[in-house]
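Working notes, structure below.
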Amino acid sequence: MASTISTPVPLNEFVRRIEQRKAEMRIIDLPRNAGNRRTASKAALLKAIDDVGGKW
């Protein structure tokens, strides 16, 4: 099988293409995981991200 090299796509164009495909396929955003089974380390990580104003 021959290798193909694609040209880089700017991020904003990439996002636009994905949004277009999602709209065409009628894909909806699914709800996030409730996180009922997170480990203590994962909970601590998410809390630290939240404490600095980040959105995970």
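Brief remarks follow.
- Spacing of the two label points (7 Å from each Cα toward its C-beta) at Ala48 and Thr4, in nm: 4.2
- Solvent-accessible area, 1.4 Å probe, carbon plus sulfur percent, for the stretch 13-56: 56
- Rounded accessible area per residue of the chain, 1.4 Å, Å²: 103
- Relative to the longest principal axis of the Cα atoms of the chain, the long axis of helix 40-51 lies at roughly 80 degrees.
The values are calculated or read from the model by the stated rules, or taken from the named source; none is laboratory data. None of the values given here were measured: they were computed from a predicted structure. All Cβ positions, even for glycine, are placed from backbone atoms using ideal geometry, and neighbour counts span all protein chains on display. Ligands, DNA and RNA are stripped out before the accessible areas are found, and what is left, the full protein with its side chains, is counted by its heavy atoms. Shrake-Rupley method; radii C 1.70, N 1.55, O 1.52, S 1.80 Å.
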